[in-house]
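Student: Just dropping this structure here.
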Ligand code: DX5
Ligand code: ZN
């Protein structure tokens, strides 16, 4: 089952409640929240207080993507703030096992995010401790970038890696996904598909979510 996870990065933050309500109307079952600290990535977005407010505004599961240095220091606090899923980047956490275990112990799903130029082997040992892997299909930091085509093969290879180990780790993909490439992304094996600008830059975000879901189903 493919799930569309709208990323609020491209939403109008002054009307965040309405924007979230619109993607709920479109049938989104997950909300992707990008946390950036201006160090790990060259952009600053939002943090714990905003996640707490979003928690009060929606029943949708909140998927927090931490693009911050010292993710181990903050991961549990995001669960306390209301996150149901927390992903941390393999490039920045030398203690992945510990951080993933802490997230799980808190009752949330634990994910490992990986940048386009980081090889999959970097997360191989962490696979059994992760509920999902987030493949970045753009360099993290900004919405509206172009999809990096080699990400498709990376998703396929990760899928094989997961199956070979008899694991049930889910694959999420994030960056540059729109109605034209979503079917290919789903066919490669991604189950949670993040999309920001292709939803919130449209005049009708609810319809944009429906369009993406229908396009994703075409691969089946
Ligand atoms: C980029 C973020 C993405 C971003 C995706 O660093 O992690 O979640 O919002 O936006 P689009 O879909 O516009 O590439
Ligand atoms: Zn993201």
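The values are calculated or read from the model by the stated rules, or taken from the named source; none is laboratory data. Source: prediction; values computed, not measured. Cβ atoms come from the backbone with ideal geometry, glycine included; neighbour counts cover every protein chain shown.
Student: Which of the residues that make up segment 47-68 are part of a loop (DSSP other than H, G, I, E, B) and in contact (Cβ under 8 Å) with a residue 24 or more places away in the chain?
Tutor: 58, 60, 61, 68
Student: For segment 33-53, what are the residues that are within 15 Å of ligand 1 (Cβ to nearest atom) and touching a helix residue (DSSP H, G or I) at 6+ places or on another chain (Cβ under 7 Å)?
Tutor: Selection gives 33, 34, 45, 51.
Student: Could you please give the count of residues in segment 164-209 that are under 15 Å from residue 130 (Cβ atoms), free of Cβ contacts under 8 Å to residues at least 40 places away in the same chain and away from ligand 2 (no atom under 16 Å from the Cβ)?
Tutor: Within segment 164-209, residues that are under 15 Å from residue 130 (Cβ atoms), free of Cβ contacts under 8 Å to residues at least 40 places away in the same chain and away from ligand 2 (no atom under 16 Å from the Cβ) number 3.
Student: Which of (1) closer than 18 Å to residue 157 by Cβ; (2) away from ligand 2 (no atom under 16 Å from the Cβ) does residue 118 not meet, given it meets every other one?
Tutor: Unmet for residue 118, out of (1) closer than 18 Å to residue 157 by Cβ; (2) away from ligand 2 (no atom under 16 Å from the Cβ): (2).
Student: What's the number of the only condition in (1) surrounded by fewer than 17 Cβ atoms within 10 Å (Cβ to Cβ); (2) in contact with a strand residue (DSSP E or B) (Cβ under 6 Å, 6 or more places away or on another chain) that residue 34 fails to meet?
Tutor: Failed condition: (1).
Student: Name every residue in segment 3-18 that is assigned to a helix (DSSP H, G or I) and touching a residue at least 40 places away in the same chain (Cβ under 8 Å), in order of residue number.
Tutor: Scanning segment 3-18 gives 8, 9, 10, 16, 17.
Student: Next question. Find the residue count for segment 75-89, including only residues that are crowded, with 19+ Cβ neighbours inside 10 Å and within 17 Å of the chain's Cα centre (by Cα).
Tutor: 10
Student: Here's another thing I want to ask about it. I need every pair where a residue in segment 118-137 that is closer than 13 Å to residue 165 by Cα has its Cβ under 8 Å from the Cβ of a residue that is part of a loop (DSSP other than H, G, I, E, B) and within 15 Å of ligand 2 (Cβ to nearest atom), sequence separation at least 6 or different chains.
Tutor: 126/90
Student: Filter segment 159-175 down to residues that are within 16 Å of ligand 1 (Cβ to nearest atom) and either closer than 18 Å to residue 213 by Cβ or modelled with pLDDT under 95 (or both), then give me how many there are.
Tutor: Going through segment 159-175 one residue at a time, the tally reaches 4.
Student: Here is a list: 202, 172. Which entry is part of a loop (DSSP other than H, G, I, E, B) and under 17 Å from residue 4 (Cα atoms)?
Tutor: Matching residue, one of 202, 172: 202.
Student: Oh, and also: Taking segment 75-100, which residues are more than 25 Å from residue 29 (Cα to Cα) and part of a helix (DSSP H, G or I)?
Tutor: Across segment 75-100, the qualifying residues are 96, 97, 98, 99.
Student: Within segment 19-37, take every residue that is part of a loop (DSSP other than H, G, I, E, B), touching a residue at least 40 places away in the same chain (Cβ under 8 Å) and more than 16 Å from ligand 2 (Cβ to nearest atom) and give me the one that is nearest to residue 200 (Cα to Cα).
Tutor: Checked segment 19-37; the qualifying residue nearest to residue 200 (Cα to Cα) is 26.
Student: Within segment 145-160, does at least one residue satisfy the condition of being touching a residue at least 40 places away in the same chain (Cβ under 8 Å) and either away from ligand 2 (no atom under 16 Å from the Cβ) or within 20 Å of residue 26 (Cβ to Cβ) (or both)?
Tutor: Scanning segment 145-160, I find no residue that is touching a residue at least 40 places away in the same chain (Cβ under 8 Å) and either away from ligand 2 (no atom under 16 Å from the Cβ) or within 20 Å of residue 26 (Cβ to Cβ) (or both), so the answer is no.
Student: For segment 118-158, what are the residues that are assigned to a helix (DSSP H, G or I), out of contact with any strand residue (DSSP E or B) (no Cβ under 8 Å at 6 or more places or on another chain) and more than 16 Å from ligand 1 (Cβ to nearest atom)?
Tutor: Once the filter is applied, which keeps residues that are assigned to a helix (DSSP H, G or I), out of contact with any strand residue (DSSP E or B) (no Cβ under 8 Å at 6 or more places or on another chain) and more than 16 Å from ligand 1 (Cβ to nearest atom), segment 118-158 yields 121, 124, 125, 128, 153, 156, 157.
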